[in-house]
1. Give me the strands (runs of 3 or more DSSP E) completely within the stretch 79-131, filtered to those with at least 2 residues that are in contact with a Ser or Thr (Cβ under 6 Å, 6 or more places away or on another chain) and without any contact (Cβ under 8 Å) to a residue 40 or more places away in the chain, ordered by residue number.
2. Is it fair to say Gly16 is more than 24 Å from Val100 (Cβ to Cβ), open to solvent by less than 80 Å² (accessible area, probe 1.4 Å) and at pLDDT 75 or above?
3. Just to verify a result, which residue in the stretch 83-110, among those that are in contact with a Leu (Cβ under 7 Å, 6 or more places away or on another chain) and aliphatic (A, V, I, L, M), is most open to solvent (accessible area, probe 1.4 Å)?
4. Can you tell me how many residues in the stretch 40-74 are farther than 30 Å from Leu17 by Cβ and either in contact with a helix residue (DSSP H, G or I) (Cβ under 9 Å, 6 or more places away or on another chain) or of a type in the set (Phe, Trp, Tyr) (or both)?
5. Would you please name the residue that is farthest from Phe51 (Cα to Cα), looking only at residues in the stretch 116-128 that are open to solvent by 40 Å² or more (accessible area, probe 1.4 Å) and modelled with pLDDT under 90?
6. Does Pro78 meet the test of being within 25 Å of Ala126 (Cα to Cα) and loosely packed, with under 12 Cβ neighbours inside 10 Å?
7. All but one of (1) in a loop (DSSP other than H, G, I, E, B); (2) open to solvent by 30 Å² or more (accessible area, probe 1.4 Å); (3) touching a residue at least 24 places away in the same chain (Cβ under 8 Å); (4) of a type outside the set (S, T, N, Q) hold for Phe51, so report the exception by its number.
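The values are calculated or read from the model by the stated rules, or taken from the named source; none is laboratory data. Please read all numbers here as calculations on a predicted model, not as lab measurements. So basically every Cβ, Gly included, is an ideal-geometry build from the backbone, and we count neighbours across all protein chains shown. Please note that ligands, DNA and RNA were not included when accessible areas were found on the heavy atoms of the full protein model with its side chains. Shrake-Rupley method; radii C 1.70, N 1.55, O 1.52, S 1.80 Å.
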Amino acid sequence: MRGWVIALVILPCIFGLDVLIITTLMRTGWSRLTQGFPASPIGPGAVRRNFQSFAAGMYNLGFCVHVAVDENYLHLLPARVIRWSGGKASSVPWESVVLVKPGARVTRVRIGSSVISGPTWCLEMATPAAS
């Protein structure tokens, strides 16, 4: 068989497998993280930054989460690639965010049963919940 014929058969299979794996990971990882925290309207005066990096266990969502922070919630808004994979927006009340380990750039917090690492600028509001 010619090389281009093999490429026409193999490349779509590889792409399809990648899409299946990413979709499964997002549905099991992201959904578990945001389960029980439906999206709420973002409050006036909220600080928002796009394409932030979060990690939870083996899941590393580098530059895939838009974040808005207001006085009541940590709003996690998945970027398009996560939304395509089934991820939904979530608003986590600050009472449910518990500081685990502060850091200069990255802070670790517990949300429900998940421990996540994310930018300190948005997770520093969890400090009062840890007291």
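1. On the way: elements: 90-93, 97-101, 106-111, 114-119.
Of the strands (runs of 3 or more DSSP E) lying wholly inside the stretch 79-131, those with at least 2 residues that are in contact with a Ser or Thr (Cβ under 6 Å, 6 or more places away or on another chain) and without any contact (Cβ under 8 Å) to a residue 40 or more places away in the chain span 106-111.
2. Details: more than 24 Å from Val100 (Cβ to Cβ): yes; open to solvent by less than 80 Å² (accessible area, probe 1.4 Å): yes; at pLDDT 75 or above: yes.
Spelling it out, Gly16 is indeed more than 24 Å from Val100 (Cβ to Cβ), open to solvent by less than 80 Å² (accessible area, probe 1.4 Å) and at pLDDT 75 or above.
3. Ala89
4. Looking only at the stretch 40-74, we keep the residues that are farther than 30 Å from Leu17 by Cβ, and these are 40-49, 67-74.
If we keep only those that are either in contact with a helix residue (DSSP H, G or I) (Cβ under 9 Å, 6 or more places away or on another chain) or of a type in the set (Phe, Trp, Tyr) (or both) too, we end up with 47, 49, 67-69, 71-74.
Selection size over the stretch 40-74: 9.
5. Pro128
6. Numbers: within 25 Å of Ala126 (Cα to Cα): yes; loosely packed, with under 12 Cβ neighbours inside 10 Å: no.
In short, no.
7. With (1) in a loop (DSSP other than H, G, I, E, B); (2) open to solvent by 30 Å² or more (accessible area, probe 1.4 Å); (3) touching a residue at least 24 places away in the same chain (Cβ under 8 Å); (4) of a type outside the set (S, T, N, Q) applied to Phe51, the lone miss is (1).
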